[in-house]
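Encoded as structure tokens, the structure appears first; notes follow it.
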Amino acid sequence: MAEPGVVLSAKGLCKDFRGFRAVNDVCIDVLEGTIHALIGPNGAGKTTVFNLLSGFLAPSSGDIIYRGRRITSMAPPAIARLGIVRSFQISSIFPHLSVLDNVKVALQSKSELPKRFWVSERTTSRFDARALELLEDVGLTSYAYGLAVHLSYGRKRALELAISMALEPSVLLLDEPMAGMGAEDVESMTELVRGFAKGRTVVLVEHNLSVVSALSDRITVLQRGSVLTEGTYEEVRSNPQVIDAYLGGQHD
Amino acid sequence: MRAGGDQVSSGKFDYLGLALLVLGLALPWLLYPVLATNIVVWALFAVGFNLLLGYTGLLSFGHAMFFGGASYITGIVMLHTHLPMPAALLTGVAFSIGLAYLVGVLSIRTQGIYFAMITLAIAQVIYFAVTVFIGWTGGENGLQAVPRGTFFGLPLENDRVMYYAWLVIAVIAVAFVKRVIHSPFGQVLKAIRENEQRARSLGYNVDHYKLMAFILSAAVSGLAGGMLVVHQHFTVMDNVDWQTSGEVVMMTLLGGMGTVYGPIIGAAFYLLLSDRLAVLVNAPGVVIGLIFILTVLLFRRGIVGEIMGRLDARRARGGQEA
Ligand SMILES: Nc1ncnc2c1ncn2[C@@H]1O[C@H](COP(=O)(O)OP(=O)(O)OP(=O)(O)O)[C@@H](O)[C@H]1O
Ligand SMILES: [Mg+2]
């Protein structure tokens, strides 16, 4: 049975890479409608946890439960169709498609159109309005008809968010959406994530602690593959172990 | 080499296609008709191949099994049955589709160079089968004296009539490939080519789309193979050999993958060059290889890809000035 309010939970997840344990007995309960941050030093296993949750890797042991249903080791497309959508740490778009088509490829994915090789691509124009709306939300309207490859780094990340949002995910996994961004872009990205998170559940991996504190309801701290602690930002930052292991003197 | 070139062109009038069609109509008066027909057949093969390489990002190194394999099947049907010639062509296409399904199921999950190697290995099995079933295939001698039959009542013994019949089929088949490329399905293929992981994370069953592209590509290649045996009256083991698989890769890269018409130009260029070089030098293969390397170094996107890329760049600049 599903525990009340828990959308997605990892139960004793482990992942070994040829004897090296990258993820060790990780338990996380993500509550419906929250932004749940996953933080930890480089190599702590955050991206690996995302890969497990989204099906890109199969866990060595442990289970993943989504709304009371066991999804452990399901294939990525199947998990995506259930409503768990991820972004990638390295910005992951379709470079030589137009910005608009990047979003439309995502919008189409739930329709019957993509299987049709005999109809004109004009049939996809019914997604244009929604795609332009999403591009407007992320501030890319004026780039809609150019190739995505020509976008600046920050705009590529914004496009990636729009692609993920096009799927109307019920759970969105964001892997360092602000990595490598300038201060201004970070600010607008924070607002974007906050806006999109309304009525959804977001799991966020992020190194920028002011972003984490601004956005997250709960925080899980990973260290060398294991959960160090979990709590609100206040609880986590006052935890001496966290201060020792991760935050050091660098926060605030 | 990277793809690109036709991204901005959808919706615009297809000048290049029209120019190619006009050239296609004139071709058997500019060249001797058998060479002209060869160009049409190989161009179609390359267009079918490019659906996979240029638009799905999969490099098959065994496409000769479809082209050459269908040439044998179509030839055998023409020799041993009373089926009309178009039915013989369709039998070759059906063979290619069935073979592509089997090969695809075995190979489509492999990536990059492994996919090339598996398709090559299976193609060599088909080559081996041709050498074993000598009774059907003629072994070293190839399949000889294949009749051309008639094309909806039209006798084909005149080489120019033969040419135009094949031009009609090729134009229809290229239009079909173009439609596939510019369909919602084609959009997904391009997305897979651009970023397979991302396509998977959007819920696309990538293997399914790749398999479908592989089958469509094989069907077109098989059609071209059937057209080859009918117009030449014969087919030989070379057509199922790995060198044929390599030639179609070269034609496609020469003309420009990622453009619809690039492979047509590439095939024409390649065949004209081989035709001229055969009388001029002892080792035409070496010269073609060198020219191939030079072209690829000078025009990274292939002949058509490079021209279209530069036109688009100029248009973009012009747009800013205006
Ligand atoms: N496919 C793999 N094969 C072997 N080792 C891997 C693989 N993927 C990750 N690792 C290792 O697992 C550990 C955790 O990596 P992971 O990418 O999950 O860390 P992370 O917390 O996301 O770090 P970062 O903050 O740098 O993104 C690292 O030591 C990494 O080298
Ligand atoms: Mg990471």
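Net charge dipole, the range B:152-308: roughly 640 debye, given to the nearest 20, about the Cα centre with Cβ charges of +1 for Lys and Arg and -1 for Asp and Glu.
Put simply, the amide H of A:Val6, placed in the peptide plane, has neighbours under 5 Å in A:Glu32, leaving out anything fewer than 5 places away on its chain. Taking the longest Cα principal axis of chain A as reference, the axis of helix A:128-137 is set at about 40 degrees.
Exposure proxy shown here: for A:Met189, B:Met257, B:Met65, the number of other Cβ atoms within 10 Å sets the order, fewest to most, as A:Met189, B:Met257, B:Met65. Based on C-alpha pairs under 8 angstrom that are at least 6 apart in sequence, the range B:6-321 has a relative contact order of 32 percent. Going from the fewest other Cβ atoms within 10 Å to the most, the residues B:Met117, B:Met212, B:Met227 appear in the order B:Met117, B:Met212, B:Met227. Each principal axis of the Cα cloud of the protein assembly as shown was evaluated for its coordinate range; sorted largest first, these ranges are 89, 61, 44 Å. Database remark: amide H of A:Val202 closer than 5 angstrom to the amide H of A:Thr34, A:Ile35, A:His36, A:Leu172 (H placed geometrically; neighbours at sequence offset of 5 or more, or on other chains; Pro and chain starts carry no H). From least to most packed, judged by other beta carbons within 10 angstrom and beginning with the fewest, A:Asp175, B:Asp241, A:Asp101 follow the order B:Asp241, A:Asp175, A:Asp101. For chain A, a simple Cβ point-charge model (Lys and Arg +1, Asp and Glu -1, everything else neutral) yields a dipole of about 1040 debye relative to the Cα centre. Dimensions of the range A:92-168 along the principal axes, based on C-alpha atoms and rounded to the nearest Å, stand at 36, 24, 20, largest first. Using r as the Cβ-Cβ distance of A:Ser188 and B:His208, and R0 as 56 Å, what FRET efficiency do you calculate, to the nearest 0.05? The formula returns an efficiency of 0.90 here.
Couplings 3J(HN,Hα) for the range A:198-210, derived from phi with the Karplus relation 6.51 cos²θ - 1.76 cosθ + 1.60 (θ = phi - 60°), are 4, x, 10, 10, 10, 10, 10, 9, 7, 8, 6, 6, 6 Hz, where x marks Gly and Pro.
Of the GluC sites (Glu not before Pro) found in the range B:124-228, the ones in coil according to DSSP and having at most 11 other Cβ atoms within 10 Å of their Cβ are B:Glu157. The mean number of partner chain beta-carbon atoms within 10 angstrom of a residue's beta-carbon across peptide B:174-184 is 4. Show which aspartates and glutamates lie in cross-link reach of A:Lys11 when reach means a straight Cα distance below 19 angstrom and same-chain residues fewer than eight apart are skipped. Cα-Cα hits under 19 Å: A:Glu3, A:Asp25, A:Asp29, A:Glu32, A:Asp63, A:Glu230.
Looking only at chymotrypsin sites (Phe, Trp or Tyr not before Pro) in DSSP loops with at most 15 other Cβ atoms within 10 Å, what is the longest site-free stretch of chain A?
A:1-117
Amide H contacts of A:Leu222: A:Ile39, A:Gly40, A:Leu228, each under 5 Å away and 5 or more positions distant or on a separate chain (H built 1.01 Å from N in the peptide plane; Pro and chain starts excluded).
Working from the Cα coordinates of chain B, the gyration tensor eigenvalues give, after taking √(5λ), semi-axes of 30, 24, 19 Å in decreasing order.
Here the 3J(HN,Hα) profile of the range B:294-308, calculated from phi with Karplus coefficients 6.51, -1.76 and 1.60 at θ = phi - 60°, is 4, 4, 5, 6, 7, 10, 5, 9, x, 4, 5, x, 5, 5, 5 Hz, Gly and Pro shown as x. Among the listed pairs A:Lys46/A:Lys198; A:Lys46/B:Lys210; A:Lys198/B:Lys210; A:Lys104/B:Lys178; A:Lys46/A:Lys115; B:Lys178/B:Lys210, a Cα-Cα separation exceeding 29 Å is found for A:Lys46/B:Lys210; A:Lys198/B:Lys210; A:Lys46/A:Lys115.
Around the Cα centre of the protein assembly as shown, unit charges on the Cβ atoms of Lys, Arg, Asp and Glu (plus for the first two, minus for the last two) sum to a dipole of about 740 debye. Inter-label distance, B:Leu21 to B:Tyr114: 4.5 nm, where each label sits 7 Å from its Cα along the C-beta direction. With a 10 Å cut-off around each Cβ of A:104-116, the average count of Cβ atoms from other chains is 5. In the range B:112-264 the Cα-Cα distances spread across 10 Å bins starting at 0 as 9, 29, 34, 21, 7, 1 percent of all pairs. In chain A, the DSSP-assigned H stretches of four residues or longer account for a calculated mean residue ellipticity at 222 nm of -8500 deg cm²/dmol, using -39500 (n - 2.57) per stretch and the full residue count as denominator.
Each label was represented as a point 7 Å from its Cα along the Cα-to-Cβ direction; for A:Arg70 and B:Ser274 these points are 5.8 nm apart.
In order along the range A:172-187, the Karplus-derived 3J(HN,Hα) couplings, from 6.51 cos²θ - 1.76 cosθ + 1.60 at θ = phi - 60°, round to 10, 9, 10, 9, 6, x, 9, 4, x, 8, x, 4, 5, 4, 4, 4 Hz, and Gly and Pro are given as x.
Dipole orientation for the protein assembly as shown: of the candidates A:Asn42, B:Val260, A:Ile71, B:Val260 has the Cα lying most toward the positive pole (charges on Cβ; Lys, Arg +1; Asp, Glu -1).
For A:Phe17 and B:Ile97, a Förster radius of 30 Å and the Cβ-Cβ distance give a FRET efficiency of 0.15, rounded to the nearest 0.05.
With both partners inside chain A, how many of the DSSP beta bridges are antiparallel, as a percent to the nearest 5? The answer is about 55 percent antiparallel. If exposed means no more than 14 neighbouring beta carbons inside 10 Å and the site is in a DSSP loop, what's the longest run of chain A without any exposed trypsin sites (Lys or Arg not before Pro)? Here the longest run is A:19-197. Round to the nearest 10 and give me the degree value, 0 to 90, for the angle of helix B:262-280's Cα axis relative to the longest principal axis of chain B. On a 0 to 90 degree scale, this one is about 50.
Readers should treat all values here as calculations from the given coordinates under stated rules, not as data from a laboratory. Nothing here was measured: the structure is a model prediction, and the numbers come from that model. Every residue, glycine as well, gets a Cβ built from its backbone with ideal geometry; the counts of neighbours run over all protein chains shown.
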